[in-house]
Amino acid sequence: MLSLDLSLTVLNLRDEFVSRLLAMGSIMTEINLKDFFVPNYILSLGSVVERVSHPPVCPVIVFINSKSGGQLGGELLVRYRSLLNKNQVFDLGESLPDKVLHRLYHNLGMLKDKGDLLAAHIEKNLKLIVAGGDGTASWLLGVVSDMRLPHPPKIATVPLGTGNNLHFSFGWGKKNPGTDRESVELFLSQVKSAREMKIDSWHILMRMRSPKEGSSDSIAPLELPHCLHAFHQDGWHLFRGGFWNYFSIGMDAQVSYAFHSERKMNPENFKNQLTNQKAYLKIACKQGWFVSPLCHPPSRNIANLAAVKIMRREGIWEDLVIPSSIRSIICLNLPSFSGGLDPWGDPSKNKLHDRDLTPPYVDDGLIEIVGFRNAWHGLVLLAPNGHGTRLGQARRVHFEFHKGAINHTYMRIDGEPWKQPLSVEDDKVAIEISHSGRVNMLANLPCRAKSVHDPSSTHNYGNRDYYINRDDKFAEEEHVVLKKFGAASTFKFVDDRDIVHYQ
């Protein structure tokens, strides 16, 4: 009997102990979540000022593309709103990020002027989380770039797309995340401990002559990426914007365009990442890129389509030699393309030295230019040390499309493709890419992206230091500050420097 009573006592004590542990766990979870909490009065002026006993160590604003990742985007939206203040979590289908952030920083400024210490603390420590594909992430990066804030927020990305190249480069993975409480809390803890890393941003300017009256050289309305915008000025069509991962022309963009068009028409057939990737490969086969010499005319080869010049040293343009078999060209900023593949690869020290190249850093003011012959050439990336045809590195790149070569081509910026008409009657179409400052990212481990400022980066080939020092100088010049390329409502045509002319 005594033993039974003792057993019951032990069980009761154990149950009480477990209950207390569970309660403590609940409190700990609550305290941890408060680290990310932004109160309502910060988000909306006029709300009742709240006393916050636990200032957020890592205040976050969350943007989620509810249409990305099949049903995952919507599920993730519900989960974040249940864990944080629902008003600090935004559905990009309902709220434009530029309007949200302009309102937020206006509120922070007003509150700081009134001596609100919490507002100053949040402004200094704010981090942004964006859940979506590469296009969604680039959209937010563009908005933050446009705002030119004295203390810009650092950005972490949740992979909800098909490629997720930007996410993968900075250690956030390329597979769609879990939407359960534990997965989201783990991600928040990683955001809290992530390190800051800067990423180069690239400005792109494209122009083509407006068609003459009665001309057959008409330009149809374009479905442009979020970060690229159309203007009309002095008889020219201008398309301007920016990118952080890549800009490409040719076969890869054509396949991507066909994929996006198919998904738009039949969204029910594209519900998960694996299905999307299979569909992508099927479309590549259907487009004929595995047998491109048989299915595609030589006029679509890049060398026949356009002349390319690069600037490696300021003020000195040189012709970029492109092999006649190249059908796709990629200007690459990050070490991830098409779902985690690295077209540039890791050149040996001898190759870097012999060709006057530098290692592919994401913040050195240089962009890597890679070419591909066909889809089989692209599959080389699946092999160890596989890479495309390394064409060169540059601070600026200039494309001039030959008049009358073809009436359109395909282009892609950071996962978003479009069909670009080309002039067949008048002046040549021209595109120029130039460096345009940097944005603050958050990097999680393991991180594929490499920084020139990382102590472990011991390479020192070519003129890397020249590029870094020159870029720091350029960043202070007014004409760089004026460049804007984010959301359409914040974009303004204010750059007074025109695209370079060639004879």
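The values are calculated or read from the model by the stated rules, or taken from the named source; none is laboratory data. Since the structure is predicted, the reported quantities are computational estimates derived from the model, not experimental observations. Cβ: placed from backbone, ideal geometry, glycine included. Neighbour counts: every protein chain shown. We work out accessible area using only protein heavy atoms, side chains counted, and drop any ligands, DNA or RNA first. Shrake-Rupley method; radii C 1.70, N 1.55, O 1.52, S 1.80 Å.
Just a few scattered comments:
- Test for Leu72: is it open to solvent by 30 Å² or more (accessible area, probe 1.4 Å), at pLDDT below 95 and either closer than 23 Å to Glu416 by Cα or within 19 Å of the chain's Cα centre (by Cα) (or both): yes
- Taken together, the criteria exclude Glu123 from residues that are surrounded by fewer than 16 Cβ atoms within 10 Å (Cβ to Cβ) and either under 16 Å from the mean Cα position of the chain (by Cα) or not hydrophobic (A, V, I, L, M, F, W, C) (or both).
- Within this structure, Arg207 fails the test of being surrounded by fewer than 22 Cβ atoms within 10 Å (Cβ to Cβ), touching a strand residue (DSSP E or B) at 6+ places or on another chain (Cβ under 6 Å), of a type in the set (D, E, K, R) and farther than 30 Å from Trp236 by Cβ.
- Tally of residues being closer than 18 Å to Cys58 by Cα and not aromatic (Phe, Trp, Tyr) across region 145-180: 8
- From the list Leu305, Leu334, Leu320, Leu352, the lone residue that is open to solvent by less than 10 Å² (accessible area, probe 1.4 Å) and modelled with pLDDT of 90 or more is Leu334.
- Any chance Ile122 is among the β-branched types (Val, Ile, Thr), closer than 19 Å to Val100 by Cβ and in a strand (DSSP E or B): no
- Number of the exception - Leu281 against (1) open to solvent by 60 Å² or more (accessible area, probe 1.4 Å); (2) modelled with pLDDT of 80 or more; (3) not acidic (Asp, Glu): (2)
Yes/no per residue for (1) β-branched (Val, Ile, Thr); (2) modelled with pLDDT of 90 or more:
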position: Lys127; (1), (2): no, yes
position: Ser138; (1), (2): no, no
position: Val144; (1), (2): yes, yes
position: His151; (1), (2): no, no
position: Lys154; (1), (2): no, yes
position: Thr157; (1), (2): yes, yes
position: Thr162; (1), (2): yes, no
position: Leu166; (1), (2): no, yes
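Here's the yes/no breakdown for (1) open to solvent by 60 Å² or more (accessible area, probe 1.4 Å); (2) within 29 Å of Ser325 (Cα to Cα); (3) modelled with pLDDT under 85:
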| residue | (1), (2), (3) |
| --- | --- |
| Pro221 | yes, no, yes |
| His226 | yes, no, yes |
| Phe231 | no, no, yes |
| Tyr246 | no, yes, no |
| Asp252 | no, yes, yes |
| Ser256 | no, yes, yes |
| Arg263 | yes, no, yes |
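- Residue list for region 96-119, filter: open to solvent by 10 Å² or more (accessible area, probe 1.4 Å), in a helix (DSSP H, G or I) and not hydrophobic (A, V, I, L, M, F, W, C): Lys99, His102, Arg103, Tyr105, His106, Gly109, Lys112, Asp113
- Within region 182-202, being in contact with a Lys or Arg (Cβ under 7 Å, 6 or more places away or on another chain) and either among the acidic types (Asp, Glu) or open to solvent by 10 Å² or more (accessible area, probe 1.4 Å) (or both) holds for Glu196, Lys198, Asp200.
- The one condition in (1) at pLDDT 85 or above; (2) crowded, with 22+ Cβ neighbours inside 10 Å; (3) within 25 Å of Ile155 (Cα to Cα) that Glu416 fails to fulfil: (1)
- Among the candidates Val62, Val78, Val57, Val89, residue that is surrounded by fewer than 17 Cβ atoms within 10 Å (Cβ to Cβ) and either farther than 27 Å from His260 by Cβ or in contact with a helix residue (DSSP H, G or I) (Cβ under 7 Å, 6 or more places away or on another chain) (or both): Val57
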